[in-house]
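The values are calculated or read from the model by the stated rules, or taken from the named source; none is laboratory data. Because the structure is predicted, anything quoted here is derived from the model rather than measured. Cβ sites come from the backbone with ideal geometry, for glycine too, and all protein chains shown count toward neighbours.
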Amino acid sequence: MKSDERYRILYVDDNEQLLDLCKIYVGKNPEFTLLTASSVEDGFEILLNDRVDIIISDNDMPGVTGIEFLKRVRSNSLTQEIPFIIFTGRSREEIVIEALNNKADFYLQKGTDINSQYTELLSVAVAAYKKKRFEKMILKIYDFTIGIVENSDLKKNLELILSSMVDIFHVNASHISLIEDGVLHHFVSVGDISEDLKNVRLPLGYGLGGLVVKGGKPYAINNYEEEDNIRRTSDDVPAKDGIITCAAAPIKFGVKTCGVIYLHRYFEKNFSQKDLRTLSLYANLVAIAFKTAQEDREDRE
């Protein structure tokens, strides 16, 4: 898997020439990885054995059509949530209606201009993926909120919101560290976090966490090794782990910072100001969870 990969697309079409052309076009963008199959059976085999974010399928194929493939995908619990695009040479009203009735996300007709055709196809694919991802994010936040109200297991509830962040921000890992006795220590995480990083007890004022606690606002580092504002410990674990871009935001009770929420990437992709604003919203949700858990403990005592 490429380190900067974001979207894994499965394209099913019995026309091998179109598959090859799509491979060439998609190969120009490192964020995309294209998996191809010339039959529905081969495509479904890929679905069951590989990660696929988006499905693109021709409809008019011998044996099993794209619509029948769509029905199979939607009836399988392992694949039913994957965005599905019908991409076909013939556009008939009854086919469009059947595709949408079976929960296809988009229906796109093939054109003659290869560049514009695949530009539109990838744009539609990304739009379908983001729509599904947003829906999943809302559901996870809802479940997280219900967990707060029902005083469910704090760490498990936080893992739910962290997993949402890994997906939304396209990062390798997300974790929360709490402040205790003047140091930041790992509390809970999701994703690719080394045991060394989990065991770090970072003195306040050091590392990305120190920048966030001192400044009281989110901060992004788009090249960790070259960042000049970091006060580094003698054993700089993030650097040793190969973290390249990272971002963090303070978790606050009022004006008091109780911890830091982090995002880590092992590939080059900068965090935007919009990302930092969204991260602050997540930090506020986490603060509510901690505050509610604290109040619940006090009530029991």
Practice task
Note down all Cβ pairs under 6 Å where the first residue falls in region 172-194 and is under 14 Å from residue 283 (Cα atoms), the second is assigned to a loop (DSSP other than H, G, I, E, B) and among the β-branched types (Val, Ile, Thr), and they're at least six residues apart or on different chains.
Solution key: 175/193
Problem - Filter pass, residue 282 being aromatic (Phe, Trp, Tyr), in the same structural domain as residue 177 (by TED's automatic domain parsing) and either outside any strand (DSSP E or B) or farther than 21 Å from residue 161 by Cβ (or both) - result: yes
Completion exercise
Heads up, the strands (runs of 3 or more DSSP E) in region 52-123 (entirely inside) with at least 2 residues that are buried (at least 16 other Cβ atoms within 10 Å of the Cβ) and either touching a Gly at 6+ places or on another chain (Cβ under 9 Å) or in contact (Cβ under 8 Å) with a residue 60 or more places away in the chain (or both) are 54-57, 84-88
Exercise for the section: Determine whether region 181-196 contains at least one residue that is among the polar types (S, T, N, Q) and either farther than 23 Å from residue 236 by Cβ or in contact with a Gly (Cβ under 7 Å, 6 or more places away or on another chain) (or both). Expected result: no
Problem - Pair list, Cβ under 8 Å, 6 or more apart: region 203-222 residue more than 15 Å from residue 237 (Cα to Cα) and not assigned by TED's automatic domain parsing to the domain that holds residue 281, other residue surrounded by fewer than 22 Cβ atoms within 10 Å (Cβ to Cβ) and modelled with pLDDT under 90 - result: none
Practice task
Inspect region 153-164 for any residue being under 26 Å from the mean Cα position of the chain (by Cα) and not in a helix (DSSP H, G or I) and give the result as yes or no.
Solution key: yes
Fill in the blank from the handout: Here, strands (runs of 3 or more DSSP E) confined to region 184-262 with at least 2 residues that are crowded, with 16+ Cβ neighbours inside 10 Å are 219-221, 245-253
Exercise for the section: Kindly indicate whether any position in region 18-27 is surrounded by fewer than 17 Cβ atoms within 10 Å (Cβ to Cβ), of a type in the set (Gly, Ala, Ser) and outside the structural domain of residue 271 (by TED's automatic domain parsing). Expected result: yes
Problem - Counted residues, region 201-258 - those being modelled with pLDDT of 90 or more, of a type in the set (Lys, Arg) and in contact with an Asp or Glu (Cβ under 8 Å, 6 or more places away or on another chain) - result: 0
Practice task
May I ask you to verify whether residue 229 is within 30 Å of residue 34 (Cβ to Cβ) and more than 20 Å from the chain's Cα centre (by Cα)?
Solution key: no
